[in-house]
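The values are calculated or read from the model by the stated rules, or taken from the named source; none is laboratory data. Computed from a prediction, not measured in an experiment: that's the story for all the values here. Here the Cβ is made from the backbone with ideal geometry for all residues, glycine too, and neighbour counts use every protein chain on show.
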Amino acid sequence: MLEAVEKLWKEYKKNMQKVSARAIGRALVQKKESEKKKVKRLGEAEEKIAKASISTATSGLQESVKGQFGKKVTQVLDDQGKTLDNF
């Protein structure tokens, strides 16, 4: 009789460990997904800021720097803006 109770107790403890492991696994998956969404959202915000900065720099340079140098700098900034678009 005592052996049966001990066997049931061991089985109960084993099942509780399984349930606990599953719960921890689910919590970690949810945390990971939440962090991925947060990083994506922050990345998109930084991308918008970078695009705005490049656009401002390009328009400012077009007005103030003339000649071949101005064209090259403007071209480089346009290329960087396109790179951000493709990113």
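Applying the criterion of being among the aliphatic types (A, V, I, L, M) and over 21 Å from the mean Cα position of the chain (by Cα) to the residues of the stretch 42-60, the residue that is surrounded by the most Cβ atoms within 10 Å (Cβ to Cβ) is Ile54.
Applying a threshold of 8 Å to beta carbon distances and a minimum spacing of six or more residues, or different chains, the list of pairs starting in the stretch 61-87 at a residue that is closer than 19 Å to Lys48 by Cα and ending at one that is acidic (Asp, Glu) reads Leu84/Glu47; Phe87/Glu47.
When you go through Val29, Val39 one by one, which is the residue that is at pLDDT 95 or above, under 23 Å from Gly81 (Cβ atoms) and within 25 Å of the chain's Cα centre (by Cα)? Working first, answer last.
On the way: Val29 fails: under 23 Å from Gly81 (Cβ atoms).
One residue alone meets the criteria, Val39.
A single entry from Gln68, Gln17 fulfils the requirement of being at pLDDT below 85 and in a helix (DSSP H, G or I): Gln68.
Pairs linking a residue in the stretch 37-50 that is in contact (Cβ under 8 Å) with a residue 12 or more places away in the chain to a residue that is polar (S, T, N, Q), with Cβ atoms under 9 Å and 6 or more positions apart or on different chains, are Ala50/Gln80. Criterion applied to Glu33, Glu63, Glu6 was being exposed (fewer than 10 other Cβ atoms within 10 Å of the Cβ) and charged (D, E, K, R), and the one residue passing it is Glu63.
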